[in-house]
1. Go through Lys140/Lys186; Lys58/Lys182; Lys140/Lys174 and tell me which ones have a Cα-Cα distance over 22 Å in this structure.
2. Show me the trypsin sites (Lys or Arg not before Pro) within region 54-114 that DSSP assigns to loop and that have at most 15 other Cβ atoms within 10 Å of their Cβ.
3. Where does region 43-121 land on Rg/Rh, using Cα atoms and the Kirkwood Rh?
4. Only residues of region 159-191 count here: report those whose backbone N is under 16 Å from the spot 7 Å along Cα→Cβ of Asp56, or say none.
5. Can you give the FRET efficiency for Arg137 and Thr181, using 1/(1 + (r/R0)^6), R0 = 41 Å, r = Cβ-Cβ distance, to the nearest 0.05?
6. Counting only protein chains, not ligands or nucleic acids, how are Ile158, Ile110 ordered by accessible area (probe 1.4 Å), most first?
7. Using a basic spin-label model with each label point 7 Å from the Cα along Cα→Cβ, how many nm lie between Glu167 and Glu30?
8. Between the alpha-carbon centers of region 29-96 and region 139-165, tell me the distance in whole angstrom.
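The values are calculated or read from the model by the stated rules, or taken from the named source; none is laboratory data. These numbers come from a predicted model, not from an experiment. Counting neighbours? That spans all protein chains shown, and the Cβs are built from the backbone with ideal geometry, glycine included. Note: areas computed on protein heavy atoms with side chains; ligands, DNA, RNA excluded. Shrake-Rupley method; radii C 1.70, N 1.55, O 1.52, S 1.80 Å.
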Amino acid sequence: MKMRWGAGLLAAAMLFVAMPQAGAEEKISEDIYQWVQSTARQNYYFNKQHIYFGKDEKENINLNIITVPALKTYDSIQIQDVVSKRRWKGQSTAGYGDLAGCAEYLQLNIKDQTVDIMKHEDLDSDWGTLGTSTVKRTVKLAELSEKDVDAKFYHAIIKYAEVHAKEIAARTEKEKGTKITKEAQKQLEKGLGAPQDGKDASKDTKNKKKRK
């Protein structure tokens, strides 16, 4: 039986009800999915109803960590490129004639300016899972060009989290069982993008300069 996208990780709530590429912006629910950008070959979205902050070993909220599912829909050239690379690597291409895009599960570290791609799933036009990779890949934002489309995507997610920090924190507390400490509450009141107290303040300022 073909797996549905998100099964075993975020369950049925994570399934997209969209048609790929043509008219994708109109078909994907704006109440659930945030469109970020479109290139000649891909459309980029993230699920704003399933974006959370992290938590530490004591179940306290960690405002430096953001977890979020992302979706990319492909055009015909990108589809051919994915299929060609799988053939070149000797990987199965069964079902890939119906490839429509991919889902990725991201963990962003605001403080370290890194993005961990925790899971990648190739999706067909019915949003069934064609292939899965669970090998974690880490991206360092400082090593990406300002014009890099993935860099723009990741920074857009961070910016969204900064603007909607209180909302995301409340959701994380409710759905993930985290506790918001006094220090975290103070940071939320100041704004997630504001420099933190102590030694990290200068580092945060340097990171913001790199993004400009």
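1. Long pairs (Cα-Cα over 22 Å): Lys140/Lys186; Lys140/Lys174.
2. Of the trypsin sites (Lys or Arg not before Pro), the ones in loops of region 54-114 whose Cβ has at most 15 other Cβ atoms within 10 Å are Lys58, Lys89, Lys111.
3. Numbers: Rg = 16.1 Å, Rh = 14.5 Å.
Using Cα coordinates only, the ratio equals 1.11.
4. 178-188
5. 0.85
6. The ordering from most to least exposed comes out as Ile110, Ile158.
7. A separation of 1.3 nm, rounded to one decimal place.
8. Here the answer is 14 Å between Cα centres.
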